[in-house]
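Enquirer: Starting off with a structure, shown below.
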Amino acid sequence: MTDILFILFAVVAVGGAIGVVIGRSPVASLLFMVATLASVAGIYVLFEAHFLAAIQVLVYAGAIMVLFLFVIMLLNLGHDYRADFRYGSWSLLSLVVVGLTAGVLMQGFSGDVGADLLENGAAAAAAIDAAVVEKGAVGVIADPLFTDYVVAFELMGLLLLVAIVAAVVLAKPRGSGEG
């Protein structure tokens, strides 16, 4: 049953990601992105990473998507939108994506490589379980986030702040005579 759910969530995630790119309107792309993020949260639950699944839903599918929706509303991007690509390029892109996915799957399931991944995966899982017992689930995630990756974490916050300010500046009407 877990394998079937994983395949279902993976198909929804890949389909939603393709829908984000080929969506005819920004609002449709936003809804596809919410479906993609929700299916990734489902995959986290299957991997028994419940904290990551909750954060995925709360932060990304909740807060970030609301932010994107407000940016779309502020910039009034939902109207008079036309597709930039032709359908022929989408079929070529689909062929390339399917080919790359098949190549990665064939390499991952081939003899020695697959066995090495299983052995390393079991050792990594045991190390993660020991760390969770020692520090707790939040501590295992927060420790590297606020020590090793603190600069990247702060830069992402700054990037989101700049995006919000830019959206407000772009949405502000010009030439109204106000100083």
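So that you can scan it fast, the table gives a plain yes or no per residue for (1) over 30 Å from Gly139 (Cα atoms); (2) within 17 Å of the chain's Cα centre (by Cα); (3) open to solvent by 70 Å² or more (accessible area, probe 1.4 Å); (4) at pLDDT below 75:
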residue: Ala54; (1), (2), (3), (4): no, yes, no, no
residue: Gly78; (1), (2), (3), (4): yes, no, no, yes
residue: Val96; (1), (2), (3), (4): yes, no, yes, yes
residue: Val104; (1), (2), (3), (4): yes, no, yes, yes
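So that you can scan it fast, the table gives a plain yes or no per residue for (1) open to solvent by 80 Å² or more (accessible area, probe 1.4 Å); (2) in a helix (DSSP H, G or I); (3) farther than 30 Å from Gly23 by Cα; (4) modelled with pLDDT of 65 or more:
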residue: Leu74; (1), (2), (3), (4): yes, yes, no, yes
residue: Ala83; (1), (2), (3), (4): no, no, no, no
residue: Trp90; (1), (2), (3), (4): no, yes, no, no
residue: Leu100; (1), (2), (3), (4): yes, yes, no, yes
residue: Gln107; (1), (2), (3), (4): yes, yes, yes, no
residue: Gly114; (1), (2), (3), (4): no, yes, yes, no
residue: Leu117; (1), (2), (3), (4): yes, yes, yes, no
residue: Ala131; (1), (2), (3), (4): no, yes, yes, yes
residue: Leu160; (1), (2), (3), (4): no, yes, no, yes
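Enquirer: Give Asp148, Asp129 a once-over and let me know the one that is of a type in the set (D, E, K, R), farther than 16 Å from Phe51 by Cα and out of contact with any Leu (no Cβ under 8 Å at 6 or more places or on another chain).
Expert: Going through Asp148, Asp129 in turn, just one is of a type in the set (D, E, K, R), farther than 16 Å from Phe51 by Cα and out of contact with any Leu (no Cβ under 8 Å at 6 or more places or on another chain): Asp148.
Enquirer: Checking the conditions here, which among Gly16, Gly42, Gly62 is open to solvent by less than 40 Å² (accessible area, probe 1.4 Å), within 27 Å of Ile164 (Cβ to Cβ) and over 11 Å from the mean Cα position of the chain (by Cα)?
Expert: Working: Gly16 fails: over 11 Å from the mean Cα position of the chain (by Cα); Gly42 fails: within 27 Å of Ile164 (Cβ to Cβ).
That would be Gly62, the only listed residue that is open to solvent by less than 40 Å² (accessible area, probe 1.4 Å), within 27 Å of Ile164 (Cβ to Cβ) and over 11 Å from the mean Cα position of the chain (by Cα).
Enquirer: List pairs: first residue in region 3-29 and in contact (Cβ under 8 Å) with a residue 60 or more places away in the chain, second residue in a helix (DSSP H, G or I) anywhere in the structure, Cβ distance under 7 angstrom, at least six positions apart or on different chains.
Expert: Final answer for the pair search is Ile22/Trp90.
Enquirer: Determine whether Val34 is touching a helix residue (DSSP H, G or I) at 6+ places or on another chain (Cβ under 8 Å), buried (at least 16 other Cβ atoms within 10 Å of the Cβ) and closer than 21 Å to Val98 by Cβ. Give the derivation first.
Expert: Numbers: touching a helix residue (DSSP H, G or I) at 6+ places or on another chain (Cβ under 8 Å): yes; buried (at least 16 other Cβ atoms within 10 Å of the Cβ): yes; closer than 21 Å to Val98 by Cβ: no.
Taking the combined requirement at face value, the residue does not satisfy it.
The values are calculated or read from the model by the stated rules, or taken from the named source; none is laboratory data. Everything numeric here is computed off the predicted structure, so don't read it as measured data. Quick reminder, even Gly has a Cβ in these numbers, built from the backbone with ideal geometry, and neighbours come from all protein chains shown. These area figures cover heavy atoms from the full protein model, side chains too; ligands, DNA and RNA do not enter into them. Shrake-Rupley method; radii C 1.70, N 1.55, O 1.52, S 1.80 Å.
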